[in-house]
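Only one structure is covered here, and it is reproduced in the block below.
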Amino acid sequence: MRVRMKIRKGEEVKFISQLDLMRALERAIRRAELPVKFTEGFNPRPRISFTPALPVGMTSDAEYMDVEFAGELPLDRILARLNSCLPPGISVLKADTAEGKIPLSSVNRAIYTVVVDAGGDATPELLDKAIAELLARPEITVTKTSKGKVKNINISPLIYSIKITRVEGSRAELRMELAAGQEGNVTPPVVIKALLEYIPTITVCRMNRDELFLVREGKRNDPI
Amino acid sequence: MEIKKVLDEVLPEVSKPTRYTGNELNSVQKDKQKVKVHIALAFPDVYEVGMSHLGIKILYHLLNEREDVYAERVFAPWVDFEDVMRKRGIPLFSLESKTPLSEFDFVGFSLQYEMSYSNVTNMLELAGIPLFSRDRTDRHPILIAGGPCAYNPEPLAEIIDLFVIGEAEEVILELIDLYLDHKKSSKSRMDFLEKAAGIPGIYVPAYYRVNYNEDGTVKEILPTKPGIPERVQKRIIKDLDRAYYPTKLIVPYMDIVHDRAVLEIFRGCTRGCRFCQAGMIYRPVREKSVDKLTNIAREMIKSTGYEEISLASLSTSDYSALKQLVEILIGEFRQCMVGLSLPSLRIDSFTLDLARKIQEIKKSGLTFAPEAGTQRLRDVINKGVTEEDLLNSVKGAFEAGWNTVKLYFMIGLPAETYVDLEGIARLAYRVVDAYREVRGNTKGLKVTVSTSTFVPKPFTPFQWEAQIPLDEIEERQRFLKKKLKGPNISYNWHDGKLSFLEAVFSRGDRRLNLVLKKAREKGCRFDGWSDMFSFSKWMEAFREAGVNPEFYANRSRHEDEVFPWEVIDPGVERSFLLRELKKAREAKPTPDCRFDRCHGCGIMKLKGGIFCESKNED
């Protein structure tokens, strides 16, 4: 049976990479003595797949994995056993069958909560203005370095919305809805970097991925 | 400063931030206010190296078993984070509770290789702890060090307060008990150190005076107070089956050097290779039983979820019930896909058969360590392997499908000539011939020859010998480079400059403490990492300290010379080492005492050796 799980990555583990998280979950499954299926061949691997990588340094309430088990197991038992074996900061929020659900690789959108400090003399009003100006631009070019190559990309079409949801002194909580996944991906740190052009004193206090889903033909499809 | 908060801010900019965050599965969280003794286990290298080390794992969990003790870990920060720490004024802190090192009762360093000494001094600087023992006061932590390099403690004698000699599982607890008493008494730090010097296995250098001869050699090392032992005998655990062994090992998030469950199967080695320090200082041989090991393995996998178990010892094939153990472990873990790896395996028909059962070995290729290129030189170093043995094993491996072979040699061994170096190349080509013989061609074959440079080590038969001069090291490497060319052969070698420094510190004395201070001022650290190592800075440090490094590395010692490390008693006697040196000079091998008579190495006095029990010394 193939089981889909929604996973939380908390403060304690926000600096671990996607690969580290995968390994930690694989080892937890072994500790929980859950009968996972392995790939055939010379170097057998557990049959587990994940949603696209979360940037390092960010917490998340919306990571997903599919695990293929040998035989049928009650979902609540899988959830309980796995949660009792996970290291601090990682937990399984939900488990359901993966049958009939969207493939994990198909997700294309994410919602984040980003708490920033405007810093210096900047006020939340100034931040609001800067966001409006940024969103009004047809082109927002940022440079990206991957594997030593510097690339210019336009992130404007990858930003769906940025809203200020709370203000406390010089701190503001932002809700960002951004493209995520294989078709196009932009992350909050990149958006913040673009905002620095307007307010160079912004610092990030906290980032969390709240939701991850697929939008197809204007309709939202959640992985679970 | 709240270190946790600052870390949140700076870690996104640092490479591999998980090195500094802690919180791994099975790491221990305690309230530091509620314990009586707070001890930092410091490993002078990066997280992924230190976390791979078995000794730290044992001590960490052993100490944390006690409710009144909190043991935490600390590693050397990589250079990018060190820069951030210095800029932001972040003091070196422990992984678990993020406590500055300077606030601990004890800081214990694990000394695994000489070239990590510059990381010890750098870590002290980052912690804001004065470098020299004499400059520290009652409010500073007590600095402990242990590990193989502690067998010559002298190059760090003015830096470290006390050395633990030998296996620490028992003595560390005795030391903690003493400290608990000391805390109640409100007496001075020196009072504690003096009492500690009375515990067998503990060396407190402040209570010894070194007198030198006119030629710069050591005349004598004398205790300066009554009650301080003349020599400090190493400690051993007599019954490993009853010794503490951790099963709830920390499971790191990041990829570390040895990321697997480690199962220590025995300690000690009876082979008697004359260059090998481990083979002498870890005697006698003591094994764990198959039953005990099976239980430990089962517990470890249950509490870690690791996908691999690795057997640990100096020479896996020497475990007396290896076949039985491997079969049980394979049977036990086949179901949950836990692999088994057998490092330090002597390759012969028996182990090839084992290896075939264990796929793991296939991936990494096979490693052979003939160490020297000719039979004569192998007899000199007492490496009991013949060319025919090697070629038969290699052929067996090729027949079984392997096509990658690594050959390890040492250059600069005592009495090495260019004939022996030719022999290294000849052996490599004979391995290629063997492949052709088995497979009909050389398709897919890869033979890698690696040479390190011989470093004479304390408490080995070669402790009297000189290292060859640096220019000669480089000349011999060039010679081999020319000889080892071919489509299937590649050659790599260790930096000769590093081996030279290793030779200085491995047989150094107290005068090197000043060199370490100078090297720290010049910014030396991570010397074992080739991109960080600066030979010229070290040479400046020697010059400024007025110390001639060649005196330590390149001088052969007189039979009667007193050695700085002889304040330590490793159990193995000087007279045995000298006998072995003389046999080496006649190229006479000494058979492994487990199959032969007792050669009288002296270790019998410590008891516990499984091959000593049935023998009388000759």
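The values are calculated or read from the model by the stated rules, or taken from the named source; none is laboratory data. Given the structure is predicted, the values throughout are model-derived calculations rather than measurements. Methodologically, a virtual Cβ is constructed for each residue, glycine included, from the backbone with ideal geometry; neighbour enumeration extends over all protein chains shown. Ligands, DNA and RNA are excluded from the accessible area calculation, which covers all protein heavy atoms including side chains. Shrake-Rupley method; radii C 1.70, N 1.55, O 1.52, S 1.80 Å.
Quick notes
- Selection within the range A:11-53 - without any contact (Cβ under 8 Å) to a residue 40 or more places away in the chain and of a type in the set (Ser, Thr, Tyr): A:Ser17, A:Thr39
- Given (1) within 14 Å of another protein chain (Cβ to nearest Cβ); (2) within 24 Å of the chain's Cα centre (by Cα); (3) open to solvent by 10 Å² or more (accessible area, probe 1.4 Å), number of the condition B:Ile347 does not satisfy: (1)
- Filter result for A:Arg27 (under 23 Å from the mean Cα position of the chain (by Cα) and either more than 26 Å from B:Lys4 (Cα to Cα) or among the hydrophobic types (A, V, I, L, M, F, W, C) (or both)): yes
- Looking only at the range A:65-89, residues that are closer than 29 Å to B:Ser15 by Cα and touching a strand residue (DSSP E or B) at 6+ places or on another chain (Cβ under 6 Å) come to 2 in all.
- Taking the range B:232-339 as the region of interest, the helices (runs of 4 or more DSSP H) fully inside it that hold 3 or more residues being open to solvent by 10 Å² or more (accessible area, probe 1.4 Å) are B:290-304, B:322-333.
- Residues in the range B:262-316 that are within 14 Å of chain A (Cβ to nearest Cβ) and over 16 Å from B:Leu249 (Cβ atoms): none.
- Condition check for B:Leu175: modelled with pLDDT of 95 or more, open to solvent by 10 Å² or more (accessible area, probe 1.4 Å), assigned by TED's automatic domain parsing to the domain that holds B:Leu92 and not in a loop (DSSP other than H, G, I, E, B): no
- Within the range A:68-84, being within 14 Å of chain B (Cβ to nearest Cβ) and surrounded by 20 or more Cβ atoms within 10 Å (Cβ to Cβ) holds for one residue alone: A:Leu82.
- Matching entry among B:Glu13, B:Glu2 (being away from chain A (no Cβ under 14 Å), modelled with pLDDT under 95 and either within 22 Å of B:Leu126 (Cα to Cα) or open to solvent by 10 Å² or more (accessible area, probe 1.4 Å) (or both)): B:Glu2
- All positions within the range B:178-193 that are open to solvent by 70 Å² or more (accessible area, probe 1.4 Å) and of a type outside the set (A, V, I, L, M): B:Asp181, B:Lys183, B:Lys184, B:Ser186, B:Lys187
- Subset of the range A:89-110 [within 21 Å of the chain's Cα centre (by Cα) and either among the acidic types (Asp, Glu) or in a loop (DSSP other than H, G, I, E, B) (or both)]: A:Gly89, A:Asp96, A:Ala98, A:Lys101, A:Ile102, A:Pro103, A:Val107, A:Asn108
- Selection status of A:Ala95, modelled with pLDDT of 95 or more, at the interface with another protein chain (Cβ under 10 Å from one of its Cβ atoms) and surrounded by 15 or more Cβ atoms within 10 Å (Cβ to Cβ): no
- Pick from the range A:173-196, criterion open to solvent by 40 Å² or more (accessible area, probe 1.4 Å) and closer than 25 Å to A:Glu139 by Cβ, ranking: farthest from the other protein chains (Cβ to nearest Cβ): A:Glu183
- Annotation: B:Gly198 fulfils all but one of (1) outside any loop (DSSP other than H, G, I, E, B); (2) loosely packed, with under 14 Cβ neighbours inside 10 Å; the unmet one is (1).
- The residue that is nearest to B:Lys395 (Cα to Cα), among those in the range B:355-372 that are modelled with pLDDT of 60 or more and touching an Asp or Glu at 6+ places or on another chain (Cβ under 9 Å), is B:Pro370.
- Filtering the range A:197-217 to residues that are of a type outside the set (Phe, Trp, Tyr), within 10 Å of A:Ala130 (Cβ to Cβ) and surrounded by 13 or more Cβ atoms within 10 Å (Cβ to Cβ) leaves A:Ile199, A:Ile202.
- Check on B:Val438, open to solvent by 10 Å² or more (accessible area, probe 1.4 Å) and touching a Ser or Thr at 6+ places or on another chain (Cβ under 7 Å): no
- Residue in the range A:142-156 that is in a helix (DSSP H, G or I), open to solvent by 80 Å² or more (accessible area, probe 1.4 Å), assigned by TED's automatic domain parsing to the domain that holds A:Arg209 and not aromatic (Phe, Trp, Tyr) present: no
- Residue count, the range B:18-40 (criterion: assigned to a strand (DSSP E or B) and open to solvent by 10 Å² or more (accessible area, probe 1.4 Å)): 2
- Summed over the range A:1-58, residues that are more than 9 Å from every other protein chain (Cβ to nearest Cβ), in a loop (DSSP other than H, G, I, E, B) and either closer than 19 Å to A:Leu79 by Cβ or among the acidic types (Asp, Glu) (or both) total 7.
- Residue within the range A:111-126 that is surrounded by 12 or more Cβ atoms within 10 Å (Cβ to Cβ), assigned to a loop (DSSP other than H, G, I, E, B) and within 14 Å of chain B (Cβ to nearest Cβ) present: yes
- Selection from the range B:16-25 of residues that are touching a Ser or Thr at 6+ places or on another chain (Cβ under 9 Å) and facing another protein chain (nearest Cβ under 8 Å): B:Thr18, B:Glu24, B:Leu25
- Looking across the range B:317-344, the residues that are more than 14 Å from chain A (Cβ to nearest Cβ) and of a type in the set (Asp, Glu) come down to B:Asp318, B:Glu327.
- Members of the range B:59-92 that are hydrophobic (A, V, I, L, M, F, W, C), under 27 Å from the mean Cα position of the chain (by Cα) and open to solvent by less than 10 Å² (accessible area, probe 1.4 Å): B:Leu63, B:Val69, B:Ala71, B:Val74, B:Ala76, B:Phe81, B:Leu92
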